[in-house]
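Here's the structure we're looking at; comments come further down.
The values are calculated or read from the model by the stated rules, or taken from the named source; none is laboratory data. Computed from a predicted model, the values in this text were never measured in an experiment. A quick note on method: Cβ atoms are made from the backbone with ideal geometry, for glycine too, and the neighbour counts reach across all protein chains shown.
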Amino acid sequence: MLKNLLLGLFTVLLIIGGSNMANAKAWDKTFPKSDKVNVQKIEFTNKYGITLVGDLYIPKNVNGKHAAIAISGPFGAVKEQASGLYAQTLAERGFVTLAFDPSYTGESSGTPRNIASSDINTEDFSAAVDYLSTLDIVNPNKIGILGICGFGGFAINAAAMDTRIKATTAVTMYDITRVSAKGYNDSVDENARYKMKLALNKQRTEDYKNGCFKGADGLPEKLTGKEPQFVQDYWGYYKTERGFHKRSINSNGKWNMTSSLSLINQPILQYAHEIRTPVLIVHGEKAHSRYMGEDAYKKLKGDNKELLIIKGANHVDLYYNLEKIPFDKIEHFYRQNLNNERSIKTMTDKEKYAETMMFPIGEPNTAYAKYFSGNSYLAPLSNEQVTFYNVTFEPKCRNNWHIHHATKGGGQILIGVGGRGYYQQWGKEPVEIKEGTIIHIPANVKHWHGAVPDSWFSHIAIEVDGENTSNEWLEPVTDEEYNKLK
């Protein structure tokens, strides 16, 4: 029975470890890699049969089912740019996040390349929700989405359609259908729009004759200084080391010229007022697109909406500028509205650690407190057939030297299930314990175990049956001994 129990626990730990495996490929993002999360490249399919490619960001030491957020945008960008930065940062704060390339762009499939569709790009968000809903580490009732720039508008459209989406954030958003039909600040009237349609439909005929699609004008390779300020801002992100990526349309390509035809007649915010879940709209005070976010906010009804204007920020600042992007506010919004009202900023270290655990931490280990340096916690997991506990140590906490006596059999088995700690036999070097580490402690051996100085630590403690068993508690592990450990 004990062998089967250990095998079962070890299998669980392997599953946990497997979910934490990072993508072994070289880092190809426009932002530094975090050591607090693991990243996996994944694929999923939307209802049109298009395979989407994304990066799944998983907080380290993740256990149980967590809230998740699907992220895409800006319009013409790829997951290695702004959406990846948002995904990694929110994963650092405890969410499972998915940054994905929309249909026809980046590493996602779909031909021809470099086209947009208000229908298909809205569906891309719902397909991401499909994928996240099936993950063992995600609570399907706690899924939100976040769209940047043009995908902020698509995100709001998705929230109006997909009731599985429980919270939506639109950052520095464009209503891409509005600006395609009416130009900036609604400067294009009906007659000008008709001339635009004439030109684009003429180009459709030429494209069909030529068997290829003509590209629209993109960002210039060099600036003259005469460009509008917002174009210079875009250039300063997409065309420089700050945000350049070879797969990004805005960095290294062009949209198909006729792609905008379908956007002109499809207003994506038509049913925004019917959204019944919370929406947060974030815009820069100096953004040329600010009016689109403010007008989208006006369309929302009831108490499910919030508009946040970032002082001094332009449109592009909210792609990359960590001093301007309000991650604390965004985190709080999702925690409050994905059925977890406590912000990680207000949680104690113990509470934060408990959220990463598969097993309960339990109650203060007062009965044995005199044998521990620091605070420990005990959670009984089974008292039938085999007795075992989850024992949790705060950072720096360790138990005294002690011996599990037995005339036959006896001893103890430890299985690491969270954080990082040490086990040491008398006269031997200490052994590090991490998730999945199994320590066999023979009877009648002097030893101690506990947390490292900078990490909480939990292990399952399994008492091995024996004859004439007893525990002998001895002297504490001295600070001099302990401080030698790293």
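Which condition breaks for GLY418 when tested against (1) touching a helix residue (DSSP H, G or I) at 6+ places or on another chain (Cβ under 9 Å); (2) not in a strand (DSSP E or B)?
All conditions are met except number (2).
Taking the residues in the range 135-152 that are in a loop (DSSP other than H, G, I, E, B) and under 16 Å from the mean Cα position of the chain (by Cα) as candidates, determine which candidate is farthest from ILE281 (Cα to Cα).
Result: ASP136.
Provide a single number: the residues in the range 456-468 that are out of contact with any helix residue (DSSP H, G or I) (no Cβ under 8 Å at 6 or more places or on another chain) and closer than 19 Å to LEU378 by Cβ.
The qualifying residues number 5.
Which residues, taken from the range 345-395, are within 33 Å of the chain's Cα centre (by Cα), in a loop (DSSP other than H, G, I, E, B) and of a type in the set (Asp, Glu)?
GLU394
Restricted to the range 228-263, and to residues that are assigned to a loop (DSSP other than H, G, I, E, B) and among the charged types (D, E, K, R), which residue is farthest from PHE31 (Cα to Cα)? Please lay out each step first, then the result.
Of all residues in the range 228-263, those assigned to a loop (DSSP other than H, G, I, E, B) come to 228, 239-248, 253-255.
Okay, now just the ones that are also among the charged types (D, E, K, R), so 239, 241-242, 246-247, 254.
Details: LYS239: 15, GLU241: 10, ARG242: 8, LYS246: 14, ARG247: 15, LYS254: 23 Å.
Among them, the one singled out is LYS254.
Would you please name the residue that is nearest to SER373 (Cα to Cα), looking only at residues in the range 440-460 that are under 33 Å from the mean Cα position of the chain (by Cα) and surrounded by fewer than 18 Cβ atoms within 10 Å (Cβ to Cβ)?
So the first thing to find is which residues in the range 440-460 are under 33 Å from the mean Cα position of the chain (by Cα), and the list is 450-460.
Add one more test, that the residue is surrounded by fewer than 18 Cβ atoms within 10 Å (Cβ to Cβ), and what stays is 453-455.
Working: PRO453: 12, ASP454: 15, SER455: 15 Å.
Here the residue is PRO453.
Taking the stated definitions as given, is ASP328 free of Cβ contacts under 8 Å to residues at least 24 places away in the same chain and not in a helix (DSSP H, G or I)? Please lay out each step first, then the result.
Working: free of Cβ contacts under 8 Å to residues at least 24 places away in the same chain: yes; not in a helix (DSSP H, G or I): no.
Against the criterion (free of Cβ contacts under 8 Å to residues at least 24 places away in the same chain and not in a helix (DSSP H, G or I)), ASP328 does not qualify.
How many residues does the range 274-291 contain that are part of a loop (DSSP other than H, G, I, E, B), over 23 Å from ALA313 (Cα atoms) and among the acidic types (Asp, Glu)? Reasoning before the result, please.
Pass one, the range 274-291, residues part of a loop (DSSP other than H, G, I, E, B): 275-278, 285-289.
Now drop any that are not over 23 Å from ALA313 (Cα atoms), which leaves 275-278.
Next, only the ones that are among the acidic types (Asp, Glu) stay: none.
Total meeting the criteria: 0.
With respect to LYS396, is the statement that it is exposed (fewer than 15 other Cβ atoms within 10 Å of the Cβ), touching a residue at least 24 places away in the same chain (Cβ under 8 Å) and farther than 18 Å from TRP473 by Cβ true? Give the derivation first.
Numbers: exposed (fewer than 15 other Cβ atoms within 10 Å of the Cβ): no; touching a residue at least 24 places away in the same chain (Cβ under 8 Å): yes; farther than 18 Å from TRP473 by Cβ: yes.
For LYS396, the condition - exposed (fewer than 15 other Cβ atoms within 10 Å of the Cβ), touching a residue at least 24 places away in the same chain (Cβ under 8 Å) and farther than 18 Å from TRP473 by Cβ - is not met.
Here is a check on your reading of the model: is ILE143 assigned by TED's automatic domain parsing to the domain that holds LEU52 and at pLDDT below 95?
Details: assigned by TED's automatic domain parsing to the domain that holds LEU52: yes; at pLDDT below 95: no.
No: the conditions fail for ILE143.
Counting only residues that are of a type in the set (Asp, Glu) and over 22 Å from GLN270 (Cβ atoms), which one in the range 128-170 is surrounded by the fewest Cβ atoms within 10 Å (Cβ to Cβ)?
ASP136
Yes/no matrix, rows are residues, columns are (1) within 28 Å of PRO140 (Cβ to Cβ); (2) at pLDDT 95 or above; (3) out of contact with any Lys or Arg (no Cβ under 9 Å at 6 or more places or on another chain); (4) surrounded by fewer than 20 Cβ atoms within 10 Å (Cβ to Cβ):
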{"site": "ILE325", "(1), (2), (3), (4)": "yes, yes, yes, no"}
{"site": "ARG335", "(1), (2), (3), (4)": "yes, no, no, no"}
{"site": "SER343", "(1), (2), (3), (4)": "yes, no, no, yes"}
{"site": "THR346", "(1), (2), (3), (4)": "yes, no, yes, yes"}
{"site": "GLU351", "(1), (2), (3), (4)": "yes, no, no, yes"}
{"site": "GLU384", "(1), (2), (3), (4)": "no, no, yes, yes"}
{"site": "ASN390", "(1), (2), (3), (4)": "yes, no, yes, no"}
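For GLY76, work out the one condition from (1) on the phi > 0 side of the Ramachandran plot; (2) of a type outside the set (Asp, Glu); (3) under 8 Å from the mean Cα position of the chain (by Cα) it doesn't fulfil.
Here GLY76 clears every test but (3).
What number of residues within the range 370-418 satisfy the criterion of being within 24 Å of SER455 (Cβ to Cβ) and of a type in the set (Asp, Glu)?
Looking only at that region, the number is 1.
Answer with yes or no whether LEU90 is under 16 Å from the mean Cα position of the chain (by Cα) and surrounded by fewer than 24 Cβ atoms within 10 Å (Cβ to Cβ).
On the way: under 16 Å from the mean Cα position of the chain (by Cα): yes; surrounded by fewer than 24 Cβ atoms within 10 Å (Cβ to Cβ): no.
Taking the combined requirement at face value, the residue does not satisfy it.
The rows are residues; the columns are (1) touching a Ser or Thr at 6+ places or on another chain (Cβ under 9 Å); (2) at negative phi; (3) assigned to a helix (DSSP H, G or I).
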position: PHE154; (1), (2), (3): yes, yes, yes
position: THR169; (1), (2), (3): no, yes, no
position: LYS195; (1), (2), (3): no, yes, yes
position: GLN203; (1), (2), (3): yes, yes, yes
position: PHE213; (1), (2), (3): yes, yes, no
position: PRO220; (1), (2), (3): no, yes, no
position: LYS226; (1), (2), (3): no, yes, no
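Just wondering, is there one or more residues in the range 230-240 that are more than 12 Å from ALA77 (Cβ to Cβ), buried (at least 18 other Cβ atoms within 10 Å of the Cβ), in contact (Cβ under 8 Å) with a residue 40 or more places away in the chain and charged (D, E, K, R)?
Checked against the condition, which is being more than 12 Å from ALA77 (Cβ to Cβ), buried (at least 18 other Cβ atoms within 10 Å of the Cβ), in contact (Cβ under 8 Å) with a residue 40 or more places away in the chain and charged (D, E, K, R), the range 230-240 yields at least one hit.
Tell me, which residue of the range 292-319 that is surrounded by 18 or more Cβ atoms within 10 Å (Cβ to Cβ) and assigned to a helix (DSSP H, G or I) is farthest from the chain's Cα centre (by Cα)?
Among those that are surrounded by 18 or more Cβ atoms within 10 Å (Cβ to Cβ) and assigned to a helix (DSSP H, G or I), it is LYS299.
Which of the residues spanning the range 457-469 are part of a strand (DSSP E or B) and over 30 Å from MET357 (Cα atoms)?
As a first pass, look at the range 457-469 and keep what is part of a strand (DSSP E or B): 457-463, 466-467.
Hits for the range 457-469 are GLY466, GLU467.
Please work out if TYR184 is of a type in the set (Ser, Thr, Tyr) and more than 20 Å from ARG113 (Cβ to Cβ).
Working: of a type in the set (Ser, Thr, Tyr): yes; more than 20 Å from ARG113 (Cβ to Cβ): yes.
The answer is yes for TYR184.
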